[in-house]
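Everything on this sheet refers to the single structure shown next.
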Amino acid sequence: MTTLTKPDEDAAPAAGEAFLSVRDLKVHFSTDDGIVKAVDGLSFGLERGRTLGIVGESGSGKSVTNLAVLGLHNRRKTAIEGSIKLDGQELTDASEKQLETLRGKKMAMIFQDALTALSPYYTVGRQIAEPFMKHTGASKRDARERAIDLLEKVGIPHPRQRVDDYPHQFSGGMRQRAMIAMSLSCNPDLLIADEPTTALDVTVQAQILDLLKDLQQEFGSAIIMITHDLGVVANMADDILVMYAGRAVERGTVREVLKNPQHPYTWGLLGSMPRLTSDVDEPLMPIPGSPPSLLNPPPGCAFHPRCGFTDLVSGSRCPGERPELAPGRAAACHLTVEQRQQVFIDKIQPRLG
Ligand SMILES: Nc1ncnc2c1ncn2[C@@H]1O[C@H](COP(=O)(O)OP(=O)(O)OP(=O)(O)O)[C@@H](O)[C@H]1O
Ligand code: SF4
Ligand SMILES: [Mg+2]
């Protein structure tokens, strides 16, 4: 019989290892058309109490990465290589049963659409109480009180009356809050929020983000926030990981990446999004071309067919040699640090303002 958790001495993170440590992760799907390399050599770390914003165009591998952390890929059709360690425990070779336990207890996900996470057939209260009972062994009565408590925390008015409502009796914003309450029922150490507020109007969006911040302060969770909205990242995250074609191309603190971005793709991404500080409509500059096919990604730097700076790099390095992301504050690009700084000051900064 497999044990559910490894002994503590085995599970403790090694010195210098982050609370969540993803190393050289590859997630490849077998399809009728061939192998889709959705994530292809991704590394990052995240500490408790910190928020990592993951940004990148549609199809860059953000959701696939996080579904791999949660162990939610179909193992028969998905090849997963590399290492994902949570608090020292390796997840890539964990059993379904171990993952299921971890998913309620240590890690939880907030989806974009509450309706995909909440069942229409059970009351909201029951859906919050059940994982709590399952993972803590609490009684029905205590779990119900816990559900009421959490509904109150996420700002549902009259939670004692609303706890027995079905999801369809809640508004969209309330359902999203209820789902957050459900994901928090066991105080997860790692919370993954995939576009958690995209479907909501701006006011509710702001309230939910504030709520996540408060809850993080209270529970000290690590949060991964996947979003297309740089305003959300600026407001919520401590660090940013920029993904392109299944790899990290730039990493740094929010301030570093938003104020002094270093990778040509990040420059494109920032130029193609509304300015964070302006409320006037300004022309956006879309990145030329479209994201590559992950069945047959471009060789070398996957961004090279869309990059306007390849002529600054000697020889045919851009299409010929894949740039790696060094540890710490870094960009995976063959331009030298000096070249990047020069281009940023001369061409990019004036456009970004
Ligand atoms: N089960 C699967 N089988 C085959 N390909 C898949 C599967 N799941 C995802 N993909 C592909 O993997 C790539 C990355 O998908 P992913 O959902 O991670 O993108 P994303 O960055 O989350 O995009 P978005 O911003 O649109 O949510 C896409 O090309 C997608 O089509
Ligand atoms: S490595 Fe070359 S193609 Fe890739 S981002 Fe840098 S300059 Fe552009
Ligand atoms: Mg996604």
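Observations on the model:
- Once the chain from Met285 to Asn260 is taken as fully extended at 0.36 nm per residue, the excess over their C-alpha distance is 7.2 nm.
- Degrees, to the nearest 10: 96-105 long Cα axis against longest axis of the chain: 80
- Between Gln339 and Asp149, the contour length at 0.36 nm per residue exceeds the Cα-Cα span by 63.0 nm.
- Axis of helix 124-136 versus longest Cα principal axis of the chain: the two differ by about 90°, to the nearest ten degrees.
- Each residue, Ile35 and Asp142, gets one label point 7 Å from its Cα in the Cβ direction; the gap between the two is 4.9 nm.
- The mean sequence separation of alpha-carbon pairs under 8 Å and at least six residues apart, normalised by the residue count of the range 30-108, gives a relative contact order of 25 percent.
- Over the chain, relative contact order from alpha-carbon pairs under 8 Å, at least 6 apart, %: 19
- Structure-based [θ]222 nm, the chain - -39500 (n - 2.57) summed over DSSP H runs of at least 4, per residue, nearest 500: -9500 deg cm²/dmol
- All lysines inside 24 Å of Lys140 as judged from Cα atoms, apart from same-chain residues fewer than 8 positions distant: Lys97, Lys105, Lys106, Lys153
- For the range 110-257, averaging the sequence separation of C-alpha pairs within contact (under 8 Å, six or more residues apart) and dividing by the residue count gives a relative contact order of 23 percent.
- In degrees, nearest ten, helix 172-183 long axis to first principal axis of the chain (Cα): 80
- Glu250 long-range amide H proximity, modeled H, under 5 Å: Val242, Ala332
- Pairs of alpha carbons in the chain whose separation is greater than 27 Å (percent): 50
- Cα pair distances exceeding 21 angstrom across the range 108-237, given as percent: 35
Laboratory data are not the source of any read-out in this text; all were calculated from the coordinates shown. Only a predicted model underlies this, so the values are computations on that prediction, with no experimental measurement involved. FYI the Cβ positions are ideal-geometry reconstructions off the backbone, even for glycines, and counts take in every protein chain you see.
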